[in-house]
């Protein structure tokens, strides 16, 4: 298996532009998570899905952020309009639950820079 | 607000010594606990998980859990330069086995 695939690896954009991050989870995994990592705040959970349904989006910073999972093999995280404070590494992770243990498998991340 | 606290480090340990990494968590109902390793510029990878009080050993790694004290630790025996990384502690939220929150991580530096 190729693992969790994220694109793009790097994104540089200007303030006010729309940004779309993409994720393909590991086949057969029924959970998908979006995290954001910064030096100041560490790794923050933004939203997660189970069987394509959003379960908890309480970590989404504000209405500028939205996430979708139209099918089991694809998810997007969109920021519109983007702001410099959105600059971070965005990770997608997928998982199965084994008993009550959730083992996260992370993608390589998208380094987002908003100028 | 659920919190997972770690000393940010850096923690410097001589090669061959034991590295001890610590983590405390605020949610008394948390049931599962994880240690992830993250090399600079890379993504986190799971190295250990534990859910029962006591010790769990896997090779050079030992995870220790004390639910009464809300404390998790990771011991790395015979530390190698390749162990130099940031170690992230993660726990689930009470009643939400599937919601995993992370500490900010401890940077570990193994001195050759």
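Restricting attention to the range B:52-85 and to residues that are within 14 Å of another protein chain (Cβ to nearest Cβ) and surrounded by fewer than 18 Cβ atoms within 10 Å (Cβ to Cβ), the residue that is nearest to residue A:97 (Cα to Cα) turns out to be B:52. Being modelled with pLDDT of 95 or more, surrounded by fewer than 16 Cβ atoms within 10 Å (Cβ to Cβ) and closer than 30 Å to residue B:6 by Cβ is a property that residue A:41 lacks.
Scanning the range B:24-46 for residues that are surrounded by fewer than 19 Cβ atoms within 10 Å (Cβ to Cβ) and more than 11 Å from chain A (Cβ to nearest Cβ) gives B:24, B:26, B:27, B:28, B:29, B:39, B:40.
Looking only at the range B:35-55, which residues are outside any strand (DSSP E or B), more than 16 Å from residue B:24 (Cα to Cα) and touching a strand residue (DSSP E or B) at 6+ places or on another chain (Cβ under 7 Å)? Scanning the range B:35-55 gives B:39, B:43, B:44.
Within the range A:19-57, the set of residues being under 18 Å from residue A:102 (Cβ atoms), within 11 Å of chain B (Cβ to nearest Cβ) and over 11 Å from the mean Cα position of the chain (by Cα) comprises A:30, A:31, A:43, A:50, A:55, A:56. When the range A:92-105 is filtered for residues that are facing another protein chain (nearest Cβ under 10 Å) and under 10 Å from residue A:32 (Cα atoms), the ones remaining, listed by number, are A:92, A:93, A:95, A:104, A:105. Apart from one condition, residue A:63 fits all of (1) farther than 16 Å from residue B:36 by Cβ; (2) at pLDDT below 95; (3) within 13 Å of another protein chain (Cβ to nearest Cβ); the exception is (3).
In this entry, residue A:9 passes the filter for residues that are in contact with a strand residue (DSSP E or B) (Cβ under 7 Å, 6 or more places away or on another chain), at negative phi and surrounded by fewer than 17 Cβ atoms within 10 Å (Cβ to Cβ).
The values are calculated or read from the model by the stated rules, or taken from the named source; none is laboratory data. Everything numeric here is computed off the predicted structure, so don't read it as measured data. Ideal geometry is used to build each Cβ from the backbone, glycine not excepted, and the neighbour counts take in all protein chains shown.
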